[in-house]
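Engineer: First the structure, then my questions, so here it is.
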């Protein structure tokens, strides 16, 4: 019986093709479906624009102007906080500036047309996940500066109160969770930037149709959502572990510093990955983190008092000798 070997190059190309397919939402062929032309157009519009009729938006601009018709000047306004539903859409081929127009309605008496560009600039999907994505995208730099400012102010306050600031209380904190948290944030930021770099349409579709279930998503998005869940779980473990090892002021200051580091990791790896440098930086960061974890796990317990000691020998707490 003759065995036929498969070339390695063929396997590599096949795996690469599978990964590319797994990073995108599948777009079905609607040409053979039994449906009306209106239904087919709606599904086609959904696959290209990621939303369609009956989709809900919330106004975030101070006021948004709606036209009675794409060619008419009669207009009315909707205001911040109003919820709009997509009632219809129209493609204007001869309009090179605003080729896509959307008919939206606030209620039975308030409806009109607006260009897609103006609609998306002044609204956000009503889904809470989409709102959070939009909010975080706009305030993550401000959040970083705010937490960094709190960290510096708290540092200066303790330095003035104690006259000489000592880090010994923070060096005594032995926990693997802060390092794991920073590693997860770095990986999640790299994944997010990779999605924006290679498959931006996949992220755009997720923004309009979000879910927290990673099993319903393409592979790369599933990895990103799973990493977000891991960040939440490890962050809770960090808080619990810190407040068991230190008093409230020490743990609070430590958390401020950790939050600053995590937000810096997010900004750094998001930016550098867009220029492909982030992948190398991530490898170096993970290698250094794993080495640190190996060192921090080399802890001993005193056989007499039961407290943690850094090395074998005389216990600094009870004076017992540990072999």
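Values in this text are rule-based calculations from the coordinates and carry no lab data. Given the structure is predicted, the values throughout are model-derived calculations rather than measurements. No Cβ is skipped: glycine too gets one built from the backbone with ideal geometry, and neighbour counts run over all protein chains shown.
Engineer: Please order 94, 50, 140, 205 by the number of other Cβ within 10 Å, starting at the fewest.
Structural biologist: With the fewest neighbours first, 94, 50, 140, 205 line up as 94, 140, 50, 205.
Engineer: Could you tell me how far the Cα centroid of segment 272-289 sits from the Cα centroid of segment 88-107, in Å?
Structural biologist: Taking the Cα centre of each part, segment 88-107 and segment 272-289 sit 43 Å apart.
Engineer: Evaluate the relative contact order of segment 128-314 (contact order divided by residue number), counting alpha-carbon pairs under 8 angstrom at least 6 apart; express in whole percent.
Structural biologist: Over segment 128-314, the number comes to 32 percent.
Engineer: Let me ask another. Express the relative contact order of segment 37-125 as a whole percentage, based on alpha carbon pairs under 8 Å and six or more residues apart in sequence.
Structural biologist: RCO, segment 37-125: 28 percent.
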